[in-house]
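Where a number appears in this text, it was derived from the coordinates with a stated rule and is not lab data. The structure presented is a predicted model; accordingly, all values stated were derived computationally and were not measured. Counting neighbours? That spans all protein chains shown, and the Cβs are built from the backbone with ideal geometry, glycine included.
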Amino acid sequence: MNYHTRSSEQRGARRVGLALPAQIRIGTQLSLQGKLKDLSFKSAFIEVKNSVYLQMNDEVGFAIQRSGRSPSEPIQGTARISRIAAGEGLAIYFTQMDPGSTNRLKELLK
C-alpha cells in the first residue's frame with residue numbers, strides 16, 4: 001500500500017494518498033471500477049476511465065476495498081460528486097456511511 005500525506009492550505013482535512021480498488025455505483029444498474037488516489041475523512045478522489053454518465057452534485061454509491069486484515073469489509077456509503085476531472089477521475093464528498101465503514105475509514109487514515 002502506498003501512503004503519503006498531502007497538506008494543502010485549501011483543504012482543512014488531512015489527505016492520504018492510497019492505491020486501492022474502488023467502485024462508484026449509479027443507481028442499481030451501473031457501476032464504474034476505479035482506483036482510489038487520495039482519501040480524507042470527508043472525501044476521496046477516485047481515478048476512473050469514463051465518467052460520461054456523471055455530473056456535479058450527482059449522488060452515487062461508493063465502495064473502497066481495503067487490503068490487509070479484512071479486505072472483505074469495504075468502506076462504503078453514499079456520496080455527492082464534488083468535482084469531475086476529465087480523463088482523470090472524480091472527487092466525491094461523503095454524505096452517508098454506516099458506523100462500521102466510518103470506523104474502517106478512521107483506521108485507514110491513522
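Some values worked out for this structure:
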| read-out | value |
| --- | --- |
| Net lengthening on full extension, Ala19/Tyr93 (0.36 nm per residue, minus Cα-Cα) | 24.8 nm |
| Alpha-carbon Rg/Rh ratio, for segment 24-110, with Rh computed the Kirkwood way | 0.94 |
| Summed residue charge, Cβ within 14 Å of Gln55's Cβ, Lys/Arg positive, Asp/Glu negative | 0 |
| Contour excess over end-to-end distance, with Cα ends at Asn50 and Lys106 and 0.36 nm allotted per residue | 17.3 nm |
| Vicinal HN-Hα couplings computed from phi for segment 46-55 (Karplus, 6.51 cos²θ - 1.76 cosθ + 1.60; Hz; Gly/Pro x) | 10, 6, 9, 6, 9, 10, 4, 7, 10, 9 |
